[in-house]
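Here's the structure we're looking at; comments come further down.
Read-outs: derived from the displayed coordinates by stated rules, not from any lab. Computed from a predicted model, the values in this text were never measured in an experiment. Cβ coordinates were reconstructed from backbone atoms using ideal geometry, including for glycine residues, and neighbour counts include every protein chain displayed.
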Amino acid sequence: MAQEPVFRADPFDNDKLKEECGIFGVHGQQDAANFVALGLHALQHRGQEAGGIVAHHPEHGFNNARRFGYVRDNFTSHSVMETLPGPVAIGHVRYSTAGSKGQTSIRDVQPFFGEFSMGGAAIAHNGNITNADALRRELTERGSIFQSSSDSECILHLMARSLQRTIPERMEDALRRVEGAFSVVAMTRTKLIGVRDPLGVRPLVLGKLGDGYALSSETCGLDIIGAAFVREIKPGEMVVITDNGVESSYPFRPQRPRFCIFEHVYFSRPDSILGGRSVYETREAIGRELAKENPVEADLVCPVPDSGTPAAIGFSLESGIPYAMGIIRNQYMGRTFIEPTEQIRNMGVRLKLNVNRALIKGKRVILVDDSVVRGTTSRKIKEMILDAGAKEVHFRIASPPTAWPCFYGVDTPQREKLLAATMSEEEMRQHLEVDSLKFISLDGLYRAVGEAKGRDPQHPQYCDACFSGEYPVKPTDMIEKGFEMKAAE
Ligand code: SF4
């Protein structure tokens, strides 16, 4: 059998948690796929490996295009977009969180499509199904033939087995069997459907576009197409959009919401609105909290670009220490070196970031970053700053120590690879060889996202499992594979 083409993840970017996926859908616009392409372009930060669009036209039926690489390189060409006519379309950008990790094959690229007796349906999923292995075993034993290695395909097979009459009812049926995190955008010939899991771990918002509607992972996707933000889809809510408007229902057992707190810290775009709050302002507030909790005497506050920037501004405003762009990021790095030679690989972080020597020389520098994952990048940045003549280097981190993997749609290294899983804060400081290293506390982070009293230990208001080890949904598949949960205190 011929080998399937594969696309490799950016080889220089393995020291960040990686979000996952972006989803987008449009109903009630001529050539809806063009709007979906723009929406996906705005959501590109949520996944850069591959993207896909499915559209339906009353005469031409369902059509799809799935491609590796950036949206702008694939879904701007007339030859691709003219194959996707019709007033309903959905799309997906992905970074693989399940399936063939880091080495995507085209059959894992969403949206997935299925033909049912009552018509076709396509789905795009953001999140991760934590009981996918068990579901896949059961479905395969009962005769389902999977096309991909993605957990999301389980939803289509569960829909195929449902005895319900309509596709939205079959989706409800299927999603009741699914555990974990899911925001889903789906479509039939005439309907656009949006669903969030009962905890609302991953985001999904509704927008109004002329006479039609749009669904997007984030509000920045609505902005680019000129859609007005209507509201967030609520945790556990399903909306079905037709020519008659939006119908809402709550098909799951109600639970306390546990939105992903890391969306505020890092994943979402700073110009998006989450939970009624500007992500940029939240990040600035995180920087202020960080400065209050962990002050230090220094000459400059510099962000590790780009994600550390708003928190560094907040730190500077709170501490009164001047803000400076001490590190410059090469915005055009992209995938210039898809198969780098060993020599180029060794240059590592220098290919992406460069120190602004004139600013740094002789200074005591505070570096603000969003997180420390493996610590490899932090070490290299520290070396670059010292090479440039800095007198002292102090790291301030805009999230608590990341000590646990995420199983809800974010790519995290195995637990042993997380620096904070095996070292105390002081050990990490020594390992990074910096003058000081401090993280925001979990309570401080909660305060910054608007919870004035901090984290409620009985009923945490957010998912924060990657910091606390308290998983709101049991990661069944991973426990089967040997993952050990934190012992009860
Ligand atoms: S474990 Fe962390 S990254 Fe994953 S959903 Fe929870 S807060 Fe977000």
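Under the rule of -39500 (n - 2.57) per DSSP H run of 4 or more residues, summed and divided by the residues of the chain, what mean residue ellipticity at 222 nm is obtained, to the nearest 500 deg cm²/dmol?
Numbers: 17 runs with 132 residues, N = 489.
When only DSSP H runs of four or more count, the value is -7000 deg cm²/dmol.
Can you figure out the FRET efficiency of Gln30 with Leu351, using R₀ = 60 Å and their beta-carbon distance, to the nearest 0.05? So, using R0 = 60 Å, E works out to roughly 0.90.
In whole percent, what relative contact order does the chain give with Cα contacts below 8 Å and a gap of six or more residues?
On the way: 1149 pairs, mean separation 68.2, N = 489.
Relative contact order, the chain: 14 percent.
Summing Cβ point charges (Lys, Arg +1; Asp, Glu -1) relative to the Cα centre of the chain gives a dipole of roughly 240 debye. Report, in whole Å, the centroid distance computed from the Cα atoms of the range 123-145 and the range 363-398. Each part reduced to its Cα centre gives a spacing of 42 Å. In angstrom, the C-alpha Rg and Dmax of the range 191-341 are 19.6, 61. Taking θ as phi - 60° and the Karplus parameters 6.51, -1.76 and 1.60, the scalar couplings of the range 194-208 work out to x, 9, 10, 5, x, 8, x, 5, 9, x, 6, 10, 10, x, 10 Hz in sequence order, x denoting glycine and proline.
Mind sorting Lys417, Lys361 by how few other Cβ atoms lie within 10 Å of their own Cβ, fewest first? If you can, show how the numbers build up before the last one.
On the way: Lys417 15, Lys361 12.
Placing the least packed residue first, the sequence is Lys361, Lys417.
Take the Cα radius of gyration of the chain and divide it by 2.2 N^0.38 Å, N being the number of residues; the result is 0.98.
Look at the alpha carbon pairs under 8 Å that are at least 6 residues apart: their mean separation over the length of the range 196-327 gives a relative contact order of 19 percent.
A 23 angstrom limit on the alpha carbon distance is what I want to check against. Which of Lys18/Lys380; Lys16/Lys363; Lys352/Lys382; Lys292/Lys486; Lys417/Lys486 exceed it? Kindly include the intermediate steps, with their values, before the conclusion.
Details: Lys18/Lys380 20 Å; Lys16/Lys363 27 Å; Lys352/Lys382 14 Å; Lys292/Lys486 30 Å; Lys417/Lys486 17 Å.
Exceeds cut-off: Lys16/Lys363; Lys292/Lys486.
A cut-off of 5 Å between modelled amide H atoms, ignoring neighbours fewer than 5 places along the same chain, links Val230 with Leu206, Gly207, Lys208. Projecting the Cα positions of Val71, Cys154, His459 onto the charge dipole of the chain (unit charges on Cβ atoms of Lys, Arg, Asp and Glu, taken about the Cα centre) puts Val71 furthest along the positive direction.
Suppose R0 equals 45 Å; then what is the FRET efficiency for Ala358 and Ile224 from their Cβ-Cβ distance, rounded to the nearest 0.05? It would help to have the intermediate numbers written out before the result.
Details: r = 37 Å, r/R0 = 0.81.
Computed FRET efficiency for Ala358 and Ile224 comes out at 0.80.
Counted residue by residue at 0.36 nm each, then reduced by the alpha carbon distance between them, the extension gain from Thr376 to Leu163 reaches 71.5 nm.
Compared with the alpha-carbon gap, the fully stretched path from Asp243 to Gln255 is longer by 1.2 nm at 0.36 nm per residue.
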